[in-house]
Structures are given as structure tokens and as C-alpha cells.
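Structure first, commentary second.
The values are calculated or read from the model by the stated rules, or taken from the named source; none is laboratory data. The structure displayed is predicted, hence computed values, not measured ones. In this analysis, Cβ positions are derived from the backbone assuming ideal geometry, glycine residues included, and neighbour counts consider all displayed protein chains. Remember, those area values only see protein heavy atoms, side chains included, never the ligands or the DNA or RNA. Shrake-Rupley method; radii C 1.70, N 1.55, O 1.52, S 1.80 Å.
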Amino acid sequence: MVSDVHGNARDLARAGDGADALICLGDLVLFLDYADHSRGIFPDLFGVENADRIVALRTARRFDEARELGARLWGGIGTDRAAVIEQAVRKQYAELFAAFPTPTYATYGNVDMPPLWREYAGPGTTVLDGERVEIAGRVFGFVGGGLRTPMRTPYEISDEEYAAKIEAVGEVDVLCTHIPPEVPELVYDTVARRFERGSRALLAAIRRTRPRYALFGHVHQPLARRMRIGATECVNVGHFAGTGKPWALEW
């Protein structure tokens with residue numbers, strides 16, 4: 001199981017070795033690597049110095065200034081921003097989806113572009129969002145995307161829409177999401193030094209339906225990687241872009 005792949009196609013190709021299936025919890029795209037500012041779509045377009053600047057502004061939570069800088073940089077390109085981003089994302093998706101083993105079950109992260117997944121997901125890859133599937137005799141539910149933030153990443157949705165997807169999944173053995181439940185220890189990133197957005201609806205569903213596992217990613221360096229909520233083991237499966245190592249779920 002992997003999450004937050006962020007362009008790591010090399011390790012992704014081996015992530016399912018020896019497993020019944022690979023499960024991916026999203027964030028395939030690498031727009032900007034906060035650990036290495038030379039990697040990603042942003043520095044490819046605007047250079048490392050501007051990547052340094054925008055990371056510094058975002059880390060300081062000066063989001064308005066970061067957006068102003070981004071607007072100035074995009075204004076200098078003189079072409080359609082959406083088309084440029086889509087072209088870069090397509091290049092990454094072509095490589096990443098080709099690396100998925102068969103079978104793979106995947107859902108979207110907040111930086112992903114869901115409309116493109118239908119074009120790149122091969123017959124061995126099942127994409128689920130607000131849906132459930134049986135894997136190795138257990139029922140898995142999948143909910144993709146993130147909640148709205150000042151970062152304005154591509155697949156952020158309202159709390160109400162997210163809660164409806166959680167409700168549609170219902171009772172499952174394993175609840176797989178991109179973002180964690182809204183618990184301080186699970187949503188705080190110790191390197192970015194900020195709380196990311198978790199879901200209260202997800203937390204309520206865990207308490208109500210008591211899945212055996214709740215698995216997620218999104219927070220790259222969480223204060224706590226796992227904790228129990230009632231009968232449920234909650235696990236951040238890891239920042240795959242940084243570690244290159246999948247997390248194994250064993251029955």
C-alpha cells in the first residue's frame with residue numbers, strides 16, 4: 001500500500017512485489033517537492049529560485065503573497081495556464097500508471113486531476129472514489145480527494161461532498177482515504193509545522209462503523225503514524241515519494 005507517490009515511478013514499479021494487490025491512496029503528481037525544490041512541475045517551469053521563494057511563503061502561511069508570486073510568474077509565460085499544467089501532468093501520469101502492477105486499486109489525492117485518470121488507468125487498475133470492493137475476502141472502501149484549503153490544490157471538495165462519499169461507502173473492513181481523520185496527532189506535519197486538513201466526517205464514520213483498519217496518507221511527516229480509535233487501527237501508510245517503501249497490510 002502506498003500514498004503520496006509524487007512522481008516516484010521507479011519505486012512504484014516494485015511496490016506490489018509479493019502482494020495480492022497494490023493499493024494507492026493518491027497524490028501521484030509532483031508539482032513541487034518541498035524537500036528538493038529542483039523537482040516538480042513548478043521548478044521545471046519557473047526555476048529553483050522561484051520554487052525556493054514560494055515554498056518559503058507557503059511555509060510561513062503567507063498564502064496571499066504566494067498566490068501573487070504565482071500569478072506574476074504565470075503571467076510571464078504568456079500562454080494558457082491550464083493547458084501547460086495538463087501537459088506536464090499527462091507526462092507524469094503516463095509514466096506512473098504504466099508502473100502500476102496488476103491488480104492495483106487506487107483513489108485520488110488532493111493534487112491529482114481525476115478526469116485524466118480514465119485515460120491512463122489500464123485494465124489492471126481499478127479506480128474507486130466513494131465506492132467499495134472486495135480484495136482477498138475483505139471489503140475495502142475508498143474515498144479520494146481532500147478538503148478545501150488556502151493551497152487550492154486541484155481536487156479539493158466541500159465538507160458536505162466528502163461526507164456524502166464517506167456515507168456511500170458504509171461499513172467496510174478497511175476504510176481507505178487520502179486524508180486522515182480529524183485528530184491532531186494524525187494531521188500535524190512536524191516538518192512543515194502546520195496542521196493539515198483532516199475530515200471530521202471520516203472520524204465520525206470510524207467511530208460509528210468500526211472498520212478494522214482506517215488507512216490514509218496526505219500528511220508526510222505526521223506527529224503520530226498510527227493510533228487506535230476505538231476498535232479501529234488508524235495508520236498513515238507513509239510518504240512513498242520520500243521512502244520508496246510500501247506499507248504492508250497483513251491479515
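Using only the Cα atoms of the range 136-205, build the gyration tensor, take square roots of its eigenvalues as a ≥ b ≥ c, and label the shape rounded, prolate or oblate: rounded if a/c is under 1.5, else prolate if a/b is larger than b/c, else oblate. Here the range 136-205 falls in the prolate category. Largest GNM mean-square fluctuation across P150, P181, P114, computed for the chain with C-alpha springs under 10 Å, falls on P150.
Count neighbours as other Cβ atoms within 10 Å of each site's Cβ, and list the trypsin sites (Lys or Arg not before Pro) in the range 174-251 that are DSSP loop with at most 13 such neighbours. The qualifying sites are R193. Considering the range 66-181, its Cα convex hull presents a mean projected area of 8.6 nm². Dividing the summed -39500 (n - 2.57) terms of all DSSP H runs of n ≥ 4 by the residue count of the chain sets its mean residue ellipticity at 222 nm at -10500 deg cm²/dmol. Taking θ as phi - 60° and the Karplus parameters 6.51, -1.76 and 1.60, the scalar couplings of the range 229-242 work out to 10, x, 8, 9, 8, 9, 9, 7, 6, x, 8, 4, 4, x Hz in sequence order, x denoting glycine and proline. Rounded to the nearest 20 debye, the dipole magnitude of the range 114-250 is 400 debye, with +1 charges on Lys and Arg beta carbons, -1 on Asp and Glu beta carbons, and the Cα centre as origin. What the phi angles of the range 85-90 give under the Karplus curve with 6.51, -1.76 and 1.60, with θ = phi - 60°, is a coupling list of 5, 4, 4, 5, 5, 4 Hz, glycine and proline written as x. Which residue, chosen from T59, L69, I85, occupies the Cα position most advanced towards the positive end of the dipole of the range 54-103, where the dipole is computed from +1 (Lys, Arg) and -1 (Asp, Glu) charges on Cβ about the Cα centre? Result: T59, furthest along the dipole toward the positive end. Computed in the context of the full set of protein chains, the accessible area of the chain at 1.4 Å probe radius has 48% of its extent on carbon or sulfur.
Highest average first, the peptides 158-169, 79-90 ordered by how many other beta carbon atoms sit within 10 Å of their residues are 158-169, 79-90.
Summarising the strand pairing of the range 137-251, around 35 percent of its internal DSSP beta bridges are antiparallel. Think of each Lys and Arg Cβ as +1 and each Asp and Glu Cβ as -1; about the Cα centre, that makes the dipole of the chain roughly 480 debye.
With an a/c value of 1.5 or above and a/b not larger than b/c for the gyration tensor axes a ≥ b ≥ c computed over the alpha-carbon atoms, the range 171-251 is described as oblate.
Excluding ligands, DNA and RNA, the accessible surface per residue across the range 70-208 is 48 Å² with a 1.4 Å probe.
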